Each structure stands twice: as C-alpha cells, then as structure tokens.
Amino acid sequence: GGRIGVLARTSCVAARLVPRSIRDVGDMLDAGYVLEGSVRREQERVRITARLVETSGETHLWAETYERRLSDCLAVQAEVAAHIARSLMSELLPAGPTVEAGREPDSAAYQAYLKGRYYWNKPGDAGLTEAVHYFDQALALDGAFPAAFAAKAQALVAQAEYYNGRPKAFLESARGLAQTAIRLDPTHYRAYVALGDVCRLLEWDWSGAEAAYRTALSMNPSHHLAHRAYGLMLASLGRRDEAVREADRALTLDPLCLVIGTSAAWVRYAVGDYHAVIDRCRHIIEMDERYGFGAARRLLGAAYLQVGREADALSELERAIEESGPEPIPLAWLAHARAVTGDRAGARDLMARLQARRCDGATHVAAYHLALAWTGLGCLDDAFAALHEACEDRDPVLASVAVEPRFRPLHRDRRFGALLARLGLAGREGHAGEGQHDASGA
C-alpha cells in the first residue's frame, strides 16, 4: 500500500501501436489507470494536455492543460512533469510525498541524453553503440550529469551481455561510471542497478549486488530492470522462490517486453520448471513472430532438451540459427544438443566452425558457450579450460553456471567445486554439491 506502480515504457509503447480502447489497454497491461496526453507546438509556444483515466470504466478523473514558451524546453519539461506527478499523487495517493526537483542539467546535454535513451531502447544491441556515443556527448557538455553517467554505465553492461567485445573491459568501465553517478546523486536508482550489475558480473560480489538492487528498489519499486536483475541474481544463487517473485514482478511492470519475458522464463529454467519455460517462450515468440526473438527460441530449445523432447529441441535451435544467422551462441547450443542426442559428428562440425570464427577474430566467441558444447561432447578438460577463460573474461552468463543443467556432467569433478569457490558460489543454498544434481537451468 501507499505506492503507485508505474509500468515500463516498452510495454506502454507496444500497447499504443495498435488502436485500442482505454479499457483494452488496461486489460492488456493490467493497469488500473492510464495517463494519456498530447503535445502541440506552434513556433515558440507549446500546449501540453494530460488526462488521467480509470481504465475499467473509462472514467476521466483529472485533466490539465499547460501552455508555455519553448525558449528553455528542458525547464518546460521538468515543470510540467513535476506538476503532473504532484497532481497524480494528489489524486491517487492523497497522503503521498511531495516531488523534489533535482539539479537541472545543461539543456543541450539533456537533448543528447534523450537521443542516447532513444537508441538504448532499440531492440537487442542494435542501438547500443549510438547510445554510448550520445551519452558521451551529454557528459562532454555537462560533466556533472548523474543520469548520463548512469545511463552510459547501463549501456556498457548491456554491451558486455551482448558480447560486443570482451565483457571485462565494458564492466570495468561501467563500474567507475556508476560510482560517479552515485557520488553526484545518491538517490539515482538507475546508477544502483548498474552498480549491482557490476558487483554481480565483474566482482562476483553477491552481497554487494543484492544491497545495490535493494537500494534501487527502495527508491523506485516500479523499476522493472532492477526487479529483472535482482531476479536473475537470486536464481543464480539458488534462491528459487525469491527469484520467481522478482522475475514475475518485472514482468508485471513490463508485460510486453521480450527481454523481460525471456528473463522471467530463464528464472523458471533455473529452478527446473521446464514446462513453464516452454509455455512462456512460445508466448514470447508468438508476440514477435516477425523477428523471432532469438534468446527465447534458444531457451525453448534448451527446455525441450531437459524434458526429453529431443527432436523439438534440435528443431528450435536450428531455427534460431536460421533466424539469426550463424552466430556463436546458437551454434554452440546446437553443438551441445547434437552431441547429447547422439550426433557427435554433427557436433564436431559445429565446433570446427566455432573455432574458425575464433581464429579470424572478427566475432567474440564466448568461452562459456563453448564450454557447454565441450561438456555435451564429454571433453571435460576442454570444458574446464573454457570455463577458466570465461572467468578471465568475466563472461556475464558465468554467474549462472551452478544452476545450468547442461553442466551436470561436471558436478562430480573436483574442478567444478573449485570453480564455484572462485565465483563465491560454493555452499550457497540451492546449489548442487558434490554428488548431487540441481534441477535448474540456463
């Protein structure tokens, strides 16, 4: 009680793309209220209209019109946003807190920052390079702009996760940026999410990561990315019920986001609920039939493998390669699947292709995913060598090694226990120990 949950931009934009009634939008997003509005500009004048609508009865609860000059567009935006926020809290939370204005950044820097956010919101990693460019531009114009520091940190973490290069370098840069953002503004919740990601992926500091995520959520309980990251971390630590709760909360806040949906499915995979993974991944793929979200299709193949539907697993992983091209991750996952289903020659052919890609140096071939393929082939020395390399690279997926069922053949090897100890995962609740198998996932 006492809080307003705000749905994420991704789902709100997706809901806006097809004409629907307010009631339909409310049903789609499970939202009780919608804030809608319009902006009209004529030369140096702007008129902004905002309306608060209760979705079930399509009842207009509140409306306001603002007319301002555009001589300082940033000041106009800040003033109108603060006024709307105060009005919303007055309408929905009569005893709510007041909105405090923070430091106003340079106007040109803020415009560059907004361009960066635009590219940040493009699908996958399509806009990450441009996003970093504009965040750099914003910081060049205003070197004390905490939002730009935090946004660049998050973009660099995303570049690490998408293997745009060696992950360790991106994560090390992100650490300093997140720390600077917090120093400039200790209330900037996005900076704490970035710091939590750095603690989790670079430093394997699980307590520090949890503290950062919880701080972010205390400042903004509706921040879907904080719930997502926290859920992923809890799943990696084997804290199953908490992980599912956080992942589902992220999905509630951004129900149409493919990344959030796939992350929630991965958490179910990590706790061994493979049939739920299959249902969720099918739903995600149906949501984006034109693009065929590759991560969801790969995860669907991995889940099919765990329930013994080998033909379906191979079909989905082959389809992932058809849709994305011969990218290293689907090639490695298919190599693993072929090996464990009896096609060792086919797996070896795929491994030869991956090794050739590594030699040409044009693409980062993540050692973690090679380790999966080597494990499927039963080449445990090669698998552990690849996992050692993944540690050196600070591969972002390495955090999930203890809850990845495809690594079960490694669990009895003393080197696996040493790996968990290195990652700070040994002895944590929910992990598979010596001679045990954890029913969990990727």
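Could you tell me the center-to-center distance, by alpha carbons, between the stretch 303-362 and the stretch 239-277 in angstrom?
25 Å
For the pair Y66 and E130, how long in nm is the line joining their label points, each one 7 Å along Cα→Cβ?
The answer from the label model is 2.7 nm.
Pop the C-beta distance of A345 and E318 into the FRET formula with R0 = 22 Å and round what comes out to the nearest 0.05.
After rounding to 0.05, the efficiency reads 0.90.
Note down the Stokes-Einstein diffusion coefficient of the stretch 181-275 in µm²/s, whole number, using a Kirkwood radius over alpha carbon pairs, 10 °C, and 1.306 mPa s.
121 µm²/s
According to a simple spin-label model (label point 7 Å from Cα along Cα-to-Cβ), what is the distance in nm between A421 and R358?
My value for the distance between the label points is 2.6 nm.
Every number here is computed from the coordinates shown, using simple stated rules; none is lab data. Computed from a prediction, not measured in an experiment: that's the story for all the values here. Here Cβ is always computed from backbone atoms with ideal geometry, including for glycine, and neighbour counts include all displayed protein chains.
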